[in-house]
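Nothing in this text is a laboratory measurement; each read-out follows from the coordinates by a stated rule. Given the structure is predicted, the values throughout are model-derived calculations rather than measurements. Every residue, glycine among them, receives a Cβ derived from its backbone with ideal geometry; neighbour counts consider all protein chains shown.
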Ligand SMILES: CC(C)(COP(=O)(O)OP(=O)(O)OC[C@H]1O[C@@H](n2cnc3c(N)ncnc32)[C@H](O)[C@@H]1OP(=O)(O)O)[C@@H](O)C(=O)NCCC(=O)NCCS
């Protein structure tokens with residue numbers, strides 16, 4: 001799988017095995033954990049990597065700063081090639097980059113990959129309703145709130161989630 005077509009991507013590249021060390025470090029940060037849930041809690045790092053590489057329903061990207069340094073990762077998961085949709089998950093692990101536009105840029109570039117490169121029609125995500133920075137960033141990238149998911153059962157006591165989506169036909173894509 002590709003980053004193409006017409007691909008000039010400033011903020012994202014394909015994830016490399018060497019990136020994992022940084023991702024594992026960020027994964028143990030309590031604040032990031034609360035916002036994103038843990039990546040490597042129940043899954044061994046090598047198993048996670050194998051799934052990212054082999055599983056056609058997932059694709060992982062590194063997020064880079066202007067100098068090409070790794071600052072986080074963004075993933076399309078639960079890709080349904082038949083229904084043409086996927087779920088987006090993002091985490092900027094280096095907190096010094098929060099609130100500086102990098103997340104929105106990365107999301108816009110992933111939307112370009114999803115809609116132009118992969119011909120998907122819809123990207124959705126779930127976000128905690130009190131994660132205002134993330135919700136604002138997703139809104140800037142064109143996501144709309146479509147539902148509120150109440151945390152109950154096993155998740156009782158957690159913050160409720162907001163379901164957001166962007167549809168290909170109405171999306172504004174990052175310039176290549
Ligand atoms: C969520 C995330 C990807 C967003 O990326 P980002 O680069 O920080 O976001 P941006 O700078 O592009 O946009 C953030 C917007 O929220 C605003 N913002 C920042 N902090 C805020 C806060 N506490 N409350 C409300 N708005 C806030 C910013 O001002 C900006 O809006 P503006 O451009 O209109 O001024 C990133 O912050 C991150 O990875 N956070 C930790 C993990 C996480 O929450 N992941 C998402 C889980 S669903």
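Brief remarks on what is shown
- Centre separation in Å (Cα based) which lies between region 123-176 and region 75-113: 11
- Mean Cβ count within 10 Å, highest first, over the residues of peptides 106-118, 87-99: 106-118, 87-99
- Over the chain, DSSP H runs of length four or greater, each weighted -39,500 (n - 2.57), average out per residue to a 222 nm ellipticity of -7000 deg cm²/dmol.
- Region 27-176, relative contact order in percent, only Cα pairs under 8 angstrom and at least six apart counted: 17
- Gaussian network model of the chain, springs between alpha carbon atoms under 10 Å - residue of 139, 62, 86 with greatest fluctuation: 139
- Just checking the listed ones, 72, 37, 142: in the Gaussian network model of the chain with Cα springs under 10 Å, the one fluctuating most is 37.
- Cα gyration tensor shape for the chain, rounded if a/c is under 1.5, else prolate or oblate: rounded
- Ordering 9, 138 by the number of other Cβ atoms within 10 Å of each residue's own Cβ, fewest first, gives 9, 138.
- Bridges between two residues of region 12-170, per DSSP, are antiparallel at a rate of about 90%.
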